[in-house]
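Single-structure report; data block below.
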């Protein structure tokens with residue numbers, strides 16, 4: 001969303017001027033996680049039935065003590081303009097813009113079992129070389145249905161060397177070969 005990206009850039013620029021970039025990033029991550037995991041809170045932000053001034057009052061009660069004043073000012077501006085519904089998207093855009101500015105690559109690793117520390121360290125080094133960055137955020141997901149191997153996802157790339165996928169390819173190949181006879 002274009003508006004969310006513009007707000008995010010402005011917020012991070014302001015945060016940089018106030019030496020609060022890290023705090024804003026951490027607050028944005030926390031708030032986004034809370035809103036994303038709580039369907040009622042997400043719907044509260046999106047609801048056209050609740051007046052903006054009431055939303056602002058409730059949001060302040062919930063988050064003011066733990067959230068930087070820049071983000072609280074953003075909430076006030078959004079509520080005054082009746083745009084508080086895009087707040088979750090702005091938080092997500094802040095996180096993405098911060099990562100872009102700091103050359104942080106997020107990678108999701110899906111495996112059938114938990115990686116040990118040595119294997120994790122080797123994989124992170126390979127991703128650093130591949131993506132030409134020193135900063136990797138690795139999110140690990142256990143999915144026993146892939147049987148073995150791994151799936152590695154970055155922003156817009158995926159490496160799938162799972163046994164499940166290889167078996168599916170083999171099965172599809174077998175079906176094509178047998179359907180020709």
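Taken together, the values in this text are just the output of simple stated rules run on the coordinates, not laboratory data. All values reported here derive from a predicted model rather than from experimental measurement. Cβ sites come from the backbone with ideal geometry, for glycine too, and all protein chains shown count toward neighbours.
Tabulated data
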item: Helical mean residue ellipticity (222 nm; -39500 (n - 2.57) per DSSP H run of 4+; nearest 500) of the chain; result: -20000 deg cm²/dmol
item: Gain in span if fully extended, residue 17 to residue 77, counting 0.36 nm per residue against the direct Cα distance; result: 19.7 nm
item: Modelled FRET efficiency - R0 45 Å, residue 129 with residue 85, Cβ distances, 0.05 increments; result: 0.60
item: Nearest-ten-degree value, helix 117-131 long axis tilted from longest Cα axis of the chain; result: 80 degrees
item: In degrees, nearest ten, helix 21-37 long axis to first principal axis of the chain (Cα); result: 70 degrees
item: Folded to 0 to 90 degrees: helix 87-101 orientation relative to the chain principal axis, Cα; result: 60 degrees
item: Label corresponding to percent of Cα pairs over 27 Å apart when calculated from the structure given, among (i) 46; (ii) 42; (iii) 35; result: (i)
item: Inter-centroid distance (Cα atoms) of segment 101-125 relative to segment 139-181, Å; result: 19 Å
item: Nitroxide proxy distance, nm - points 7 Å out along Cα→Cβ at residue 165 and residue 40; result: 4.0 nm
